[in-house]
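Q: Handing you this structure, nothing more for now.
The values are calculated or read from the model by the stated rules, or taken from the named source; none is laboratory data. What you are looking at is a predicted structure, and each value in this text was computed from that prediction instead of being measured. Here the Cβ positions follow ideal geometry from the backbone for every residue, glycine too, while neighbour counts run over all protein chains shown. The protein model used for the area step is the full one, side chains on, heavy atoms only, and it has no ligands, DNA or RNA in it. Shrake-Rupley method; radii C 1.70, N 1.55, O 1.52, S 1.80 Å.
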Amino acid sequence: MDMYTLQDLFVDQLRDLYDAETRLIKALPKMAQAAHAPALREAFEEHLEQTRHQAERLEQCFEKLGARSRGKKCYAMKGLIEEGEELMDEDAEPDVMDAGLIGAAQKVEHYEIAAYGTVCTWAQQLGQHECCDLLKQTLREEKATDEKLTHLAESGINQAATVGAHA
Ligand code: FE
Ligand code: FE
Ligand code: FE
């Protein structure tokens, strides 16, 4: 893709995010299945639903920009998901697995927060207000998910893992 303008770069990065969200739609059910604590499983399932909407919002952005809806391989998300899969292949204690899953998921959310923050700024600079609103909605969901995961980690899942270590 030729990148002459900020708008070209904007579309390019939306495609990176579209690929990332598509990968997450496939990965989150596996993470939900691997989670032991019901609250963590529910958090993954809820975020899966949100992630489907996030992919749709990106499609709406492409439409508004007159760009074809397609992904561009996001190597970062591919790698983060592979690390999560590596963890899920381990024969870990339930609480330890949950602690690891939270950590893996938070790395994903932080990547998304960084990427959506960037494209929100560009949308604003480009005067793409509708895209800006759509991307901001997603950014809020990613931040809320990150906070929820922090709360889950602090509210006992990781504590249980620590107890397990001394048992
Ligand atoms: Fe997302
Ligand atoms: Fe990427
Ligand atoms: Fe997310």
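Q: Here are 156, 127: which of them is at positive phi and assigned to a helix (DSSP H, G or I)?
A: When all the criteria are applied, what remains is 156.
Q: For the range 1-20: of the residues being hydrophobic (A, V, I, L, M, F, W, C) and more than 19 Å from the chain's Cα centre (by Cα), which is nearest to residue 128 (Cα to Cα)?
A: Of everything passing the filter in the range 1-20, 6 is nearest to residue 128 (Cα to Cα).
Q: Quick one: which residue in 115, 105, 144 is part of a helix (DSSP H, G or I) and surrounded by fewer than 17 Cβ atoms within 10 Å (Cβ to Cβ)?
A: 144
Q: Report yes if residue 77 is within 13 Å of the chain's Cα centre (by Cα) and either within 16 Å of ligand 2 (Cβ to nearest atom) or not hydroxyl-bearing (Ser, Thr, Tyr) (or both), otherwise no.
A: When the stated conditions are applied, residue 77 passes them.
Q: A further question follows. List every residue pair whose Cβ atoms sit under 6 Å apart, with the two residues 6 or more apart in sequence or on different chains, where the first one lies in the range 41-61 and is within 25 Å of residue 97 (Cβ to Cβ) and the second, anywhere, is part of a helix (DSSP H, G or I) and open to solvent by 70 Å² or more (accessible area, probe 1.4 Å).
A: 43/148
Q: Residue check: is residue 27 at pLDDT 95 or above, more than 24 Å from residue 129 (Cα to Cα) and more than 15 Å from ligand 3 (Cβ to nearest atom)?
A: no
Q: Please determine, by comparing only the residues of the range 36-62 that are buried (at least 17 other Cβ atoms within 10 Å of the Cβ) and more than 17 Å from the chain's Cα centre (by Cα), which one is farthest from ligand 1 (Cβ to nearest atom).
A: Looking at residues that are buried (at least 17 other Cβ atoms within 10 Å of the Cβ) and more than 17 Å from the chain's Cα centre (by Cα), I get 37.
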